[in-house]
1. For segment A:66-95, which positions are surrounded by 17 or more Cβ atoms within 10 Å (Cβ to Cβ) and within 14 Å of chain B (Cβ to nearest Cβ)?
2. Take the conditions away from chain A (no Cβ under 11 Å) and closer than 22 Å to residue A:90 by Cα and apply them to residue B:93. Does it pass?
3. Counting only residues that are within 14 Å of chain A (Cβ to nearest Cβ) and touching a strand residue (DSSP E or B) at 6+ places or on another chain (Cβ under 6 Å), which one in segment B:51-66 is surrounded by the fewest Cβ atoms within 10 Å (Cβ to Cβ)?
4. Considering each of A:42, A:63 in turn, give the residue that is touching a strand residue (DSSP E or B) at 6+ places or on another chain (Cβ under 7 Å) and either more than 13 Å from every other protein chain (Cβ to nearest Cβ) or at pLDDT below 95 (or both).
5. Over 30 Å from residue A:30 (Cβ atoms), within 13 Å of the chain's Cα centre (by Cα) and away from every other protein chain (no Cβ under 14 Å) - does that describe any residue in segment B:102-114?
6. Scan segment A:2-14 and give yes if some residue there is in contact (Cβ under 8 Å) with a residue 60 or more places away in the chain, closer than 18 Å to residue B:36 by Cα, within 12 Å of chain B (Cβ to nearest Cβ) and exposed (fewer than 14 other Cβ atoms within 10 Å of the Cβ), otherwise no.
7. With the checklist (1) touching a strand residue (DSSP E or B) at 6+ places or on another chain (Cβ under 7 Å); (2) exposed (fewer than 14 other Cβ atoms within 10 Å of the Cβ); (3) at pLDDT 90 or above in hand, flag the one item residue B:107 doesn't pass.
């Protein structure tokens, strides 16, 4: 079945450091890919998405590019802030289905 | 415009009791999804409902679990005769049109602990 694999956390960075959170997927067909973020005490929020190969999703300084050849959708940010501390979930949905398949989440801790 | 509201935030039950988890979707949303997050695992799809109808329950355990989304009122996820393995965070999400590429709005979750 479809699955998503994320790097394990926590990822600990200093403010203004470069961030990469790896995400790879296994799916038949042509899934859409998402990054969701969960801040402490809150529900998941859509951060960005890409619906076809080579698309780049971006939002709030975060970016991820849909790489079909490597089945990856790595999340990057050039300069993290303390307020980016959260849990980040990579997810996919396959064509014709109504359910997201999530990775296990990666906790990001940014210190001043 | 209030977001997706889930209650309670924390629910403690003893083995064999019933658990009822409530989800009020965003105003105007008629599509509701339930997900479960077991410790150290990602969120797993349970069920997708549209007002008064279950559209996809392929992720629901075959026994003890049921869900409804009545014409009036919140969606309810009901777990009968809870066991320790039911301890998890249960998240509800809603959408306006039911297009999975559309943005889903998630609640803050209900943390169920079974003693």
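The values are calculated or read from the model by the stated rules, or taken from the named source; none is laboratory data. Values in this document were obtained by computation on a predicted structure and should not be read as measured data. In this analysis, Cβ positions are derived from the backbone assuming ideal geometry, glycine residues included, and neighbour counts consider all displayed protein chains.
1. Hits for segment A:66-95 are A:66, A:86, A:87, A:88, A:89, A:90, A:91, A:92, A:93, A:94.
2. Details: away from chain A (no Cβ under 11 Å): no; closer than 22 Å to residue A:90 by Cα: yes.
So residue B:93 fails the test.
3. Of all residues in segment B:51-66, those within 14 Å of chain A (Cβ to nearest Cβ) come to B:53-60.
Going one step further and asking which of them are touching a strand residue (DSSP E or B) at 6+ places or on another chain (Cβ under 6 Å), we end up with B:55-57, B:59-60.
On the way: B:55: 14, B:56: 16, B:57: 17, B:59: 16, B:60: 18.
In this case the residue turns out to be B:55.
4. Just one listed residue meets the conditions, A:63.
5. The first filter runs over segment B:102-114 and keeps only residues over 30 Å from residue A:30 (Cβ atoms), leaving B:108-114.
Checking which are within 13 Å of the chain's Cα centre (by Cα) leaves us with B:108-112.
Filter once more, keeping what is away from every other protein chain (no Cβ under 14 Å): B:112.
Checked against the condition, which is being over 30 Å from residue A:30 (Cβ atoms), within 13 Å of the chain's Cα centre (by Cα) and away from every other protein chain (no Cβ under 14 Å), segment B:102-114 yields at least one hit.
6. Among the residues of segment A:2-14, at least one is in contact (Cβ under 8 Å) with a residue 60 or more places away in the chain, closer than 18 Å to residue B:36 by Cα, within 12 Å of chain B (Cβ to nearest Cβ) and exposed (fewer than 14 other Cβ atoms within 10 Å of the Cβ), which makes the answer yes.
7. (2)
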